[in-house]
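Worksheet: one structure, shown below.
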Amino acid sequence: MSRSSTDRSSWTRRAGFILAAVGSAVGLGNVWRFPFQAGQEGGAVFVLLYLWFVLLIGVPAMLVEFTVGRLTGRSPVGALAEFGGGAWRYLGGLFILIGFLILSYYSVVAGWVLRYVVGSVTGGYAGRSESYFLDIATGFDALVFHAIFMALTVAIVALGVRRGIELAVTVMVPAVAFVVLALVVYAWTLPDAGAAYEYYLSPDFSLLASDWRSIVPAAAGQAFFSLSVGMGVMITFASYLDEERNLLVDTGIIVAIDTAVAFLTGLFVFPILFTAGVGPADPGPGAIFVALAGAFADIPAGSVVGVVFFGMFAIAALSSAISIMEVVVSFAIDEFGAVRRRTAAVTGVAMFLLGTPVALLSSQRQPILVTLYDALAAQILLVSGGIVLMILVAWIGADRAMAELRRGMHSPGVLPQVWIWLVRIPVIVVLLVTLALAVGDYWSFLSGDFADFLGL
Ligand code: PHE
């Protein structure tokens, strides 16, 4: 993003910030990850906890990133060094690591989406939505489409075509919203919609009593992942800002759009799965694919709808992927004076290789390494990144952060104080507990399903 003063206050630039942040937030996290997590973690209780985490922890976390980014005007690692001094820069290194890990498997899943664009054209999944997913989720196809998606991401980051991204987001968000709403209406007419709504919307608190050890960290991880917080993406975007924007209002808009897309996705995925007689947890990471392939095979002009939906979905994934790669690339440029194109290419190849096992290995045809990477990234690493940032802002730089938040707010009142006090103890404590639970939950995965897979 150029910092020339001529275009600074133009509409494109101002809207550009929100569009870029929405483009990053809305992606696989909403349409793929959310329904599959909700299906695995008991439905409505998970949804309720997720909404709670978004509001009480996601919003303050996003504000933390926005204030640090705008105040320092630097990419995440440098921003931490400047805001906190010396050793904090090494903690910024955590963001780079998270970026590598997330994009490596994100690209595999986005590859599935691309594969489904093709499948919609050829009609490949008609009548066999469950087995089709298993066929393409791992193996040669998965690898090829992983490569294609990564190459697209590298190309866009290398060229730095932000205007193109803004345009894509302007078109994509309303288009996704339209298709999603249409699917919600369609799903409402299905015979088993009632049972599905019950599962999705009416919390069964006895589940929470028995399974809180996995539901709580899953809900927190989903909130962080979906909002793109915990690895400096929002620091990067805000670092390009120099105007006096009301960051609280912007956060509200971004969070509302992101959460609405996820919530509406659940409203159609579960009726479709229930009506097809598929248990909500059974398809695992394949939930959205199995549900949609079943529905598109069933409705008039389904293949056209399929191409449109999966196409939009791929664009949404691309705008998120770009934001992740941008953290790594802007770090290399800022800190080492690296060349953008070469850095993007090298980063892309490294991430592709890291994702290769995810695309190739399976356990009973399920892509088991997705869980290995994804639970680590979302529930453990993003939450840790969030905690680190919150400690820095609320305990070390509170005054500067509050002053930065006030900039652009007409009548801030006590809001900045409330924000800092909320973060200082309650939010950090909740996140530390969540993190401990996440580590425990991950350990049971490693010593359970994953050990079985390794044949241990
Ligand atoms: N929020 C993105 C999505 O929902 C994923 C993401 C996570 C992007 C972390 C950036 C950082 O798809």
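The values are calculated or read from the model by the stated rules, or taken from the named source; none is laboratory data. On a predicted model such as this, the values are computed, not experimentally measured, just so you know. Using ideal geometry, Cβ is built from the backbone for each residue, glycine included, and neighbour counts are taken over all protein chains shown.
Residue 145: more than 22 Å from residue 26 (Cα to Cα), crowded, with 22+ Cβ neighbours inside 10 Å and aromatic (Phe, Trp, Tyr), yes or no? Outline the logic, then answer.
Numbers: more than 22 Å from residue 26 (Cα to Cα): no; crowded, with 22+ Cβ neighbours inside 10 Å: yes; aromatic (Phe, Trp, Tyr): yes.
No.
Among residues of region 328-347 being under 14 Å from residue 104 (Cα atoms) and within 16 Å of the ligand (Cβ to nearest atom), the one that is surrounded by the most Cβ atoms within 10 Å (Cβ to Cβ) is 328. Among the residues of region 140-158, is there at least one that is of a type in the set (Asp, Glu) and modelled with pLDDT under 90? No, that holds for no residue. Given the structure, is residue 412 away from the ligand (no atom under 16 Å from the Cβ) and surrounded by 20 or more Cβ atoms within 10 Å (Cβ to Cβ)? No: the conditions fail for residue 412. In this entry, residue 49 passes the filter for residues that are more than 15 Å from the ligand (Cβ to nearest atom) and modelled with pLDDT of 95 or more. Answer yes or no as to whether residue 374 is more than 28 Å from residue 82 (Cβ to Cβ), touching a residue at least 60 places away in the same chain (Cβ under 8 Å), charged (D, E, K, R) and assigned to a helix (DSSP H, G or I). Answer is yes for this residue.
Condition check: in a helix (DSSP H, G or I), hydrophobic (A, V, I, L, M, F, W, C) and more than 21 Å from the chain's Cα centre (by Cα). Does residue 79 satisfy that?
So residue 79 fits the description; yes.
Scan the helices (runs of 4 or more DSSP H) fully inside region 157-258 and keep the ones with 3 or more residues being within 16 Å of the ligand (Cβ to nearest atom).
Numbers: elements: 162-188, 193-201, 205-227, 233-239.
Once the helices (runs of 4 or more DSSP H) in region 157-258 are filtered for at least 3 residues that are within 16 Å of the ligand (Cβ to nearest atom), what remains is 162-188, 205-227, 233-239.
Within the group 89, 115, which residue is charged (D, E, K, R), modelled with pLDDT of 90 or more and either within 16 Å of the ligand (Cβ to nearest atom) or within 25 Å of the chain's Cα centre (by Cα) (or both)? It is 115.
Among the residues of region 305-327, what is the count of those that are within 14 Å of the ligand (Cβ to nearest atom) and out of contact with any Pro (no Cβ under 9 Å at 6 or more places or on another chain)? If you could, list the steps in order and put the result at the bottom.
If we filter region 305-327 for residues that are within 14 Å of the ligand (Cβ to nearest atom), which is where we start, we get 312-327.
The next check asks that each one be out of contact with any Pro (no Cβ under 9 Å at 6 or more places or on another chain); those that pass are 312-326.
Total satisfying the criteria: 15.
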